[in-house]
1. For the range 178-209, which positions are among the charged types (D, E, K, R) and over 16 Å from ALA239 (Cβ atoms)?
2. Name the pairs whose Cβ atoms lie under 8 Å apart, with the first residue in the range 201-217 and in contact (Cβ under 8 Å) with a residue 24 or more places away in the chain and more than 28 Å from ARG374 (Cα to Cα), the second acidic (Asp, Glu) and assigned to a helix (DSSP H, G or I), and 6 or more positions between them or separate chains?
3. Listed residues VAL116, VAL109, VAL123; which is assigned to a helix (DSSP H, G or I), of a type in the set (Val, Ile, Thr), more than 20 Å from the chain's Cα centre (by Cα) and surrounded by 17 or more Cβ atoms within 10 Å (Cβ to Cβ)?
4. I'm checking my understanding of the structure. Among residues of the range 176-197 that are free of Cβ contacts under 8 Å to residues at least 40 places away in the same chain and acidic (Asp, Glu), which one is surrounded by the fewest Cβ atoms within 10 Å (Cβ to Cβ)?
5. Quick one: how many residues across the range 345-400 are assigned to a loop (DSSP other than H, G, I, E, B) and either closer than 15 Å to GLY196 by Cβ or not basic (Lys, Arg) (or both)?
6. Taking the range 20-47, which residues are crowded, with 18+ Cβ neighbours inside 10 Å and among the hydroxyl-bearing types (Ser, Thr, Tyr)?
7. Looking at this structure, is ALA298 at pLDDT 95 or above and touching a Pro at 6+ places or on another chain (Cβ under 9 Å)?
Amino acid sequence: MKTLDYIALEEEFGARNYHPIDVVLTRGQGIWVWDVEGTRYMDCLSAYSAVNQGHCHPKIVQTLIDQAQKLALSSRAFRHDQLGLFYKEICELTHSHMVLPMNSGAEAVESCIKAVRKWGYSVKGVPDGKAEIIVCENNFHGRTITIVGFSTEKQYRDGYAPFTPGFKIIPFGDADAFEAAITPHTVAFLVEPIQGEGGIIIPPTGYLRRIRDICNRHNIVLITDEIQTGLGRTGKLLAEEHEGIEADLTLVGKALSGGMYPISAVLSNKEVLGVFQPGDHGSTYGGNPLACAVARTALKVLTEEGMIENAAMLGPYFMQGLSGIKSPYVKEVRGKGLLIGVELHKEAGGARKFCMKLKDRGLLCKETHENVIRFAPPLVIKKDDIDWALEKIEEVLTGK
């Protein structure tokens, strides 16, 4: 079968809720992927930062095989030997006190919403049914019905009402707006340290520190959604570390398994997650043996093989190279570590056509918010690889 044959099958039988670049991948290794016709591409999206450790990292693959041959699923009706070890290792790594494992990033977000509401009623003393959670404009926290209800992206909301109440939306990066929005019923603030899907939007320096202080003064739970920015992507284990703060709840997923198996986690202090009692929350697959074993190895290789330091070193190099491209289309280059956005002027006609041209030159990336090209390669990328990528990007952005 050829590329067009596979695409035809998807178009005939699949729900059309995605608009992918028309390449059909069949194999991956490190920063490289190959299509069904043998063409090689550099992956500069990393499955939206799920493949920080590179495609098919051999140690993670071996863990997946070994654990799958022993025990894959027990449900939480019984204990298993990987769960406590995973809890201990991720808590020690992230300075957390307690962890709740789930499967997807959206599930982690939904879980923390339940937790902070229950905390608000049982600990803070908010009247039942009155809890408020503050979120930011331009956010992206997932696609469940509750989450899209507090999105400001029209397409994410269109046709899905009525929505879950209890959310208040403020501008991103504006600490004064956050403090002004607080009421006695406010239980939490949910924020991305960097808005990834929103276009690689970076808040002003000191923003998270001010937010942390405001939350402390008003007895509000600070939740950082690090599902995309966490686990090395920005050159720190967690993006919140750039501001020297610790959230009360931190959400991680994606790269928690190195792209090998779905797992996410709510990392918390004991006060918030401690409100859950047996039967309050659960997931048949959440925290399963296969996921926990894979996550343990994914975290180990991330930290032991210098991937976080590599992102910190090569991110600025990549950004400097992008900023040096003389193109009439480019409005701004921005990013942190290896999470980088190139915003184009509206007159450029949208970012997608540039992503298509890059695909034709062997580099895969994806547009976000119409006019932004997102570059987020696996954290195992090398300087020579970036030089190769910059050459292709310059060709496309300058029309060579």
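1. Scanning the range 178-209 gives a single hit, GLU179.
2. ARG212/GLU243; ILE214/GLU179
3. VAL116
4. Taking the candidates together, the pick is ASP176.
5. The total comes to 16.
6. Those that are crowded, with 18+ Cβ neighbours inside 10 Å and among the hydroxyl-bearing types (Ser, Thr, Tyr): TYR41, SER46.
7. No; evaluated as a whole, the condition is false for this residue.
Listed here are the residues, each with its yes/no results for (1) assigned by TED's automatic domain parsing to the domain that holds VAL380; (2) over 29 Å from LYS382 (Cβ atoms); (3) acidic (Asp, Glu).
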| position | (1), (2), (3) |
| --- | --- |
| GLU10 | yes, yes, yes |
| LEU25 | yes, no, no |
| GLN29 | yes, no, no |
| LEU45 | yes, no, no |
| ALA68 | no, yes, no |
| LEU73 | no, yes, no |
| GLN82 | no, yes, no |
| CYS91 | no, yes, no |
| PRO101 | no, yes, no |
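The values are calculated or read from the model by the stated rules, or taken from the named source; none is laboratory data. Since this is a predicted model, take the numbers as computed values, not measurements. A quick note on method: Cβ atoms are made from the backbone with ideal geometry, for glycine too, and the neighbour counts reach across all protein chains shown.
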